[in-house]
Amino acid sequence: MNLIVKLSIILLLIAPLSCSKKIEIEEIKEVSVDLQMKEAYEEGMRQLNEGQSLIAVKKFNEAELLFPQSKWAPRSALMSAYAYYDFSFYSDAISEVDRFLKTYPNSKRKDYAHYLKAMSFYNQIVDEKKDLGPIIEAKQNFQFIISTYPNSEYAMDASFKLELIEEILAAKEMHIGRFYLKKEKWIPAINRFKKVIRDYDRTIYAEEALHRLVEVHYRIGLLEESKKYAILLGYNYQSGEWYENSYRVFNKNYEKLTKEKKENNNKSILKRFTSILTKDNE
């Protein structure tokens, strides 16, 4: 066997061994990256639990960048959004959620992502006198959760938050309506109070809104309109404080009559009590 043939045989035997070693090295390297990513994710969770939210964000971002195709990537992106939320950086949390939804549109955790976004808007609500933007955004996002994920664990809380938002929106309309009423701008005031009756009739402000409509229409001389709202108020809230206030609008002697009625009742009770004492002494 000549030298060339011998060398050829040796090369054929060595080649498979070289390929095998190369594959093993690549596999070890791949496992190492995945392990690094898992460690970065776990470190992010540790920092979050210790209250170091911004450090946690950094770790979650590192975990996502190490291996974007890994199962840890979408988890890390979502936890980054939560870490911002936990630190009350709501605008950053919203941005991270939007990026998550765009990058991982098939994630099974989209319902939570939308809930986190809704809560980020909700927590920016101060009161009815401040900016309306967060209130509207929160409302729209909670409505989206209820319609898109009605059976999710977040739908029930979304419904509860919507009720609270309705109260805030109604309070805002009442605040503006009272302002117009004080300035004697009757038409804008009427429109605000009507909006409460039309859009927020299940809130605690519906009763007062009806009374205000009774009051405004009476003051501008539209007595029939005033009576119409008084009847509606009486039908729904006859025993309420605002119904009594509306009754005073039409009956100026209401307070006097009420006082006399109470005095007569007190006299009647005292008379009966005196009668009992007299009988006991006989």
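Residue by residue through region 175-216, note down the ones that are within 22 Å of Phe142 (Cβ to Cβ) and either not in a helix (DSSP H, G or I) or not β-branched (Val, Ile, Thr) (or both).
Initial filter on region 175-216 (within 22 Å of Phe142 (Cβ to Cβ)): 195-196, 198-206.
Answer for region 175-216, where residues must be within 22 Å of Phe142 (Cβ to Cβ) and either not in a helix (DSSP H, G or I) or not β-branched (Val, Ile, Thr) (or both): Lys195, Arg198, Asp199, Tyr200, Asp201, Arg202, Thr203, Ile204, Tyr205, Ala206.
Take the residues in region 130-156 that are in contact (Cβ under 8 Å) with a residue 40 or more places away in the chain and closer than 21 Å to Ser88 by Cβ; name whichever of them is surrounded by the fewest Cβ atoms within 10 Å (Cβ to Cβ).
Once the filter is applied, the top-ranked residue is Leu132.
Which condition does Glu43 not pass, out of (1) surrounded by fewer than 16 Cβ atoms within 10 Å (Cβ to Cβ); (2) modelled with pLDDT of 85 or more; (3) more than 24 Å from His114 (Cα to Cα), if it passes all the others?
It is condition (1) that Glu43 fails.
Among the residues of region 76-110, what is the count of those that are within 25 Å of Glu50 (Cβ to Cβ) and either of a type in the set (Ser, Thr, Tyr) or crowded, with 21+ Cβ neighbours inside 10 Å (or both)?
19
Matching residues to (1) modelled with pLDDT of 85 or more; (2) more than 22 Å from Arg178 (Cβ to Cβ); (3) not small (Gly, Ala, Ser):
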residue	(1), (2), (3)
Leu210	yes, no, yes
Val214	yes, no, yes
Ile220	yes, no, yes
Gly240	no, no, no
Asn251	no, yes, yes
Tyr254	no, yes, yes
Glu263	no, yes, yes
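Need at least 2 residues that are farther than 30 Å from Pro188 by Cβ and small (Gly, Ala, Ser) per element, so show me which helices (runs of 4 or more DSSP H) inside region 85-174 make the cut, counting only ones lying wholly within it.
90-103, 110-122
If you take the residues of region 157-191 that are farther than 20 Å from Ile125 by Cβ and β-branched (Val, Ile, Thr), which of them is surrounded by the most Cβ atoms within 10 Å (Cβ to Cβ)?
For region 157-191, the residue satisfying everything is Ile190.
Among residues belonging to region 32-84 that are of a type in the set (D, E, K, R) and outside any helix (DSSP H, G or I), point out the one that is farthest from the chain's Cα centre (by Cα). Write out each step before concluding.
Taking region 32-84 first, the residues of a type in the set (D, E, K, R) are 34, 38-39, 42-43, 46, 50, 58-59, 62, 64, 71, 75.
This time we only want the ones that are outside any helix (DSSP H, G or I), so: 50, 71.
Numbers: Glu50: 26, Lys71: 30 Å.
Only one residue fits best here, namely Lys71.
The values are calculated or read from the model by the stated rules, or taken from the named source; none is laboratory data. Computed from a predicted structure; not experimentally measured. Note: ideal-geometry Cβ built from the backbone for every residue, glycine included; neighbour counts use all protein chains shown.
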